[in-house]
Every structure is written in structure tokens, then in C-alpha cells.
Amino acid sequence: MPTESILAWYAVHARELPWRAPSASPWSILVSELMLQQTPVNRVLPVWTVWMARWPTAASLAAEPSGEAVRAWGRLGYPRRALRLHACAVAITERHGGKVPTDHAELLALPGVGAYTAASVASFAFRQRHAVLDTNVRRVLARLKSGQEHPPKSQTTAELRLAESLLPEEAETAATWAVAVMELGALICTARSPRCADCPVIAQCAWYKAGKPAWDGPPRRGQTYAGTDRQCRGRLLAVLRDASHPVEKPALDVVWSDAVQRERALDGLIADGLVDPLDDGRYALPS
DNA sequence: AACCCGTGGTC
DNA sequence: TGACCAAGGGT
């Protein structure tokens, strides 16, 4: 049975990540999950550590301007997540008495918390029984059960049903199983060069048994970045993040030459609430 | 449903 | 070296 093999492997090989410590608070786990969305563990670790020392509770973050969250986010990427995390802190403080809600539906209602994050917090922080389907788990299940190198582009109900069917009955075991499968995908069953020789379930792996056939599905479109609005937004926001005071417009203009694109990106940042255009014509992180 | 949203590491 | 990838979510 793959369940026992993966649990046994995890017991030996799990990384000691601080948000996995028994003492980790639900809030610290929620913070880690928001930061880990599309961002590697190694880049999250130092930011999370500083963040938790400064804002150990939701209420402590909620008491600060959202711009402070954006600044402390640093270069993690996708800074709207910082805004959403701040909004989470406000919602938790105002609606939930400062405590991260334990109910899956209430978690899902928080800003920036989707299906994955709601399930992961309910599972990791509150030891509930949920299918936790992230990119790692989807890849492991695709290989192990479907014999495909990669999961479908977008999550299917078949994947969800498969993940639920594999979930151990007992909640505590299910919670450990969820993080164990994720860890297997992160350390062994990786996207690029899977370490099949070290895999605890190689004997059950449909993809391996089929000879590890190459991906024959639709080409997985890459993410271009150079020259995009995203890169431009990143440059503009970096100026404000690195400044201790509001900046004049020319300080923004110098970081991107295409004026049309630059204005569009700046408007987008303002619309997102990441940049505050002051009455005096200067720009600042939001208050 | 497809597209947008950052950043840095890897081979 | 440029394409791919990383604990997704919102619209």
C-alpha cells in the first residue's frame, strides 16, 4: 500500500521546516502558505522568519498599514499576496476574534485563500482530513496512478476524487499523509529530474512501470517575463519598497523607458492597491 | 476558461 | 541561454 510507504519515508526524510514544528501557530502556518504560493521554500524561509518575529499574531499585522506588509514582503514576488495577507489579518481580527478560523469554508472566505490554501491550513494547522492538492501532489498522483509525467493543465474533478480516495480515514493520519505526499513531490518526484531510485513507491508507480514515457499532452506554455507588464510593475514597486519616503514621479520614470507601458503598469499597481498616489503628486506604498 | 500576476534558480 | 519551474488565487 503506497500510504504506509510514503508515511514511513516521510518519517525519515521530512525537512524540519519551522512552520511544521509542533509549536507553530495556525497564524504562522497561514502566513507560510500564502508565501509559498508559487514561491520556493528556500526563498520563503528568511522572509517568514523576520515576518513572524515582527507580527506573531494576526492582530499585530492588522494594526499596521498594508504598505508595511508590502515592504516586508521584499522580493518574494506576486506582492498582491502581501496585500491579501494583510487583509487576512484584518478579517481574522475583526470577524474571528483574532484566531484563524478552523472551518474550511471560513478559511476559503479569507482573502487570498483558495481551495489549496484552505485545505492545507485545515490539515496542517488543525489536523483535519482534507485532500490537499498542490502542484507536487498533482504530479505525484499523475505519475503514480495515471502513468503520466505531468498532471493536466488545470485541476480536474477526477484528480480531486482520486486524492480523496487515497486519504487515510483517521484525521491525524490524513493530515500527515497530506504533507508527506507533498514532500515526496518536492524532494523525490520532482518536475524536472525525478529521483526515482530513492522513491519509496517506485514499485507501484504506473509512470515508472511504463518506462517513464515522455509527456505527450499539449505543450505546456512557458511564462515569458522580460519586457512584460509584470516586470515593469516589479521595477516600479521596487523603487517604493526601497524608499523610506514617498517618491517623486521621475524616480519611477527612470526604471522603465517605455512610457506607455510604464503608465499602464503604474495605473495597475494603483488599481490593485499596491501604490498610493498622494495629493502632492508623489507616490508611496499604501497606508 | 484563459489570462494576469514577480522573482530567482536550474540545466 | 532561454525555457522551465516554484506549497495558487482572482477575475
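Using a 1.4 Å probe and ignoring any ligands, DNA or RNA, find the accessible area of residue A:50 and quote it in Å² to the nearest 10. Accessible area of residue A:50: about 100 Å².
Where a Cα-Cα gap under 16 Å defines reach, which lysines qualify for residue A:212, not counting those fewer than 8 residues away within the same chain? Reachable lysines: A:145.
Potential lengthening of the chain between residue A:228 and residue A:206 amounts to 4.0 nm, from the contour at 0.36 nm per residue minus the alpha-carbon distance.
Sorted largest first by accessible area at a 1.4 angstrom probe radius, with every protein chain in place, the residues A:232, A:199 fall in the order A:199, A:232. In the context of the full set of protein chains, residues of chain A present 50 Å² of accessible surface per residue (probe radius 1.4 Å, heavy atoms only). Placing A:78, A:283 in order of accessible area, with the largest value first and a 1.4 Å probe, yields A:78, A:283.
Dipole magnitude for the stretch A:227-287: about 240 debye, using +1 per Lys or Arg Cβ and -1 per Asp or Glu Cβ, origin at the Cα centre. Here the Kirkwood formula, the inverse mean of 1/r across different C-alpha pairs, assigns chain A a hydrodynamic radius of 20.8 Å.
Across the stretch A:171-188, computed HN-Hα scalar couplings (Karplus, 6.51 cos²θ - 1.76 cosθ + 1.60, θ = phi - 60°) run 4, 4, 5, 4, 5, 5, 4, 4, 6, 5, 5, 4, 5, 4, x, 6, 9, 10 Hz from first to last residue, x flagging Gly and Pro. Here the extension length gained between residue A:146 and residue A:254 equals 33.8 nm, from 0.36 nm per residue of separation less the Cα-Cα distance.
Each of residue A:3 and residue A:153 was given a label point 7 Å from its Cα along the Cα-to-Cβ line. The distance between the two points is 3.5 nm.
Residues considered: A:60, A:165, A:25. Largest GNM mean-square fluctuation over chain A, using C-alpha springs under 10 Å, is found at A:165.
The values are calculated or read from the model by the stated rules, or taken from the named source; none is laboratory data. Source: prediction; values computed, not measured. Cβ atoms come from the backbone with ideal geometry, glycine included; neighbour counts cover every protein chain shown. Remember, those area values only see protein heavy atoms, side chains included, never the ligands or the DNA or RNA. Shrake-Rupley method; radii C 1.70, N 1.55, O 1.52, S 1.80 Å.
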